[in-house]
1. Taking the options Val40, Val85, name whichever one is in a loop (DSSP other than H, G, I, E, B) and among the hydrophobic types (A, V, I, L, M, F, W, C).
2. Looking at the range 195-224 only, could you name the residues that are within 21 Å of Val250 (Cβ to Cβ) and at pLDDT 85 or above?
3. Within the range 169-191, is there a residue that is assigned to a helix (DSSP H, G or I), at pLDDT below 90 and out of contact with any Cys (no Cβ under 9 Å at 6 or more places or on another chain)?
4. Find the residue count for the range 43-71, including only residues that are surrounded by 14 or more Cβ atoms within 10 Å (Cβ to Cβ) and either in contact with a Leu (Cβ under 8 Å, 6 or more places away or on another chain) or acidic (Asp, Glu) (or both).
5. Looking at (1) assigned to a loop (DSSP other than H, G, I, E, B); (2) within 30 Å of Val249 (Cα to Cα); (3) free of Cβ contacts under 8 Å to residues at least 60 places away in the same chain, can you tell me which one Val140 breaks?
6. Quick check on Arg118: is it within 20 Å of the chain's Cα centre (by Cα), among the charged types (D, E, K, R) and part of a helix (DSSP H, G or I)?
7. May I ask you to verify whether Val231 is among the β-branched types (Val, Ile, Thr), assigned to a loop (DSSP other than H, G, I, E, B), out of contact with any helix residue (DSSP H, G or I) (no Cβ under 7 Å at 6 or more places or on another chain) and closer than 30 Å to Phe130 by Cα?
Amino acid sequence: MNVHSSRYRCSECGKCFQTSQLLTRHRRIHSGEKPFECTVCSKRFTQSTDLVNHSRIHNGDKPYKCHECDKAFSWSAYLNRHMRVHTGDKPYKCSLCNKCFKHCNNLQTHKRLVHSNRKPYDCPYCGKLFKISAELKLHVRIHTGAKPYSCRHCSDRFTWLYQLKSHLLKSHNEGTWFTCHICQRKFSYSGNLTAHIRRHKAVKPYVCSECPMRFCTATELKRHSLSHSDVKHFCCGSCGKFFKHKAYVVKHFNKCCDPPFTGRPHGLLCGALR
């Protein structure tokens, strides 16, 4: 038994410490005291070590260096995470499918996307639900008309990065075309070329879990899967009728809307069944 175990006891929670310094530092948890202040941004900290670590944000100090490459980091935790690139270590294991990941946040994302039907992020314009915030952020551009990607050569702007890349190739001859060796058709993305070649070779790696049908791309499989489901994701904002496919609700909305709808589908078209 430690003879000092009860010598320095916290009067708030009863926790014991071996030194008065440790007790003093602990008491700040209860008092909220933060005596250590950053001279650059005035942010305050409970411990001096936290201030030292924070200061590296301002001075750019990176004392933790990787012995495998030239990278350096401000914090040891970042170096430890980086080392997995070299070691291949994947310490975070999914309890549902045993798949392993290098980082904890990757495991959390995997569980949410693969093993959960929970969609906590909803569109403020149409109510469509998403599993991750990044998907919602992209989706909102449909409603706002935001075009964050601008051409460096002209005044054109684009909603999606692939549109900018295609524009640079076609209008300014900037970038690399991916050419099909069978029919010479050109693509701005290698993934599109890969899917295209599958059609030449009749390769269909995406298999429906409900029937024997196979597909060249994951998008085609996802679209087909709706035929096995009763879920109707898209809603007409004018009359409230739901549809499985966006194309169907657009066609319906042209008849339901007065005057007829002629633009892109926005909030009145793109609702999600909660």
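1. Values: Val85 fails: in a loop (DSSP other than H, G, I, E, B).
When all the criteria are applied, what remains is Val40.
2. First, pick out the residues of the range 195-224 that are within 21 Å of Val250 (Cβ to Cβ): 219-220, 222-224.
If the condition is that a residue be within 21 Å of Val250 (Cβ to Cβ) and at pLDDT 85 or above, then Thr219, Glu220, His224 are the ones that fit.
3. Residues of the range 169-191 that are assigned to a helix (DSSP H, G or I), as a first pass: 169-172, 190-191.
Subsequent filtering for residues that are at pLDDT below 90 retains 190-191.
Now drop any that are not out of contact with any Cys (no Cβ under 9 Å at 6 or more places or on another chain), which leaves 190-191.
Yes.
4. Of the residues in the range 43-71, 4 are surrounded by 14 or more Cβ atoms within 10 Å (Cβ to Cβ) and either in contact with a Leu (Cβ under 8 Å, 6 or more places away or on another chain) or acidic (Asp, Glu) (or both).
5. (1)
6. On the way: within 20 Å of the chain's Cα centre (by Cα): yes; among the charged types (D, E, K, R): yes; part of a helix (DSSP H, G or I): no.
No: the conditions fail for Arg118.
7. Numbers: among the β-branched types (Val, Ile, Thr): yes; assigned to a loop (DSSP other than H, G, I, E, B): yes; out of contact with any helix residue (DSSP H, G or I) (no Cβ under 7 Å at 6 or more places or on another chain): yes; closer than 30 Å to Phe130 by Cα: yes.
Here the answer is yes, as Val231 does meet what is asked.
Residue-wise test of (1) in contact with a helix residue (DSSP H, G or I) (Cβ under 8 Å, 6 or more places away or on another chain); (2) surrounded by 11 or more Cβ atoms within 10 Å (Cβ to Cβ).
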{"residue": "Val85", "(1), (2)": "no, yes"}
{"residue": "Asn98", "(1), (2)": "no, no"}
{"residue": "Lys102", "(1), (2)": "yes, yes"}
{"residue": "Thr109", "(1), (2)": "no, yes"}
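The values are calculated or read from the model by the stated rules, or taken from the named source; none is laboratory data. A quick note: this is a predicted structure, and the numbers were derived from the prediction, not measured. FYI the Cβ positions are ideal-geometry reconstructions off the backbone, even for glycines, and counts take in every protein chain you see.
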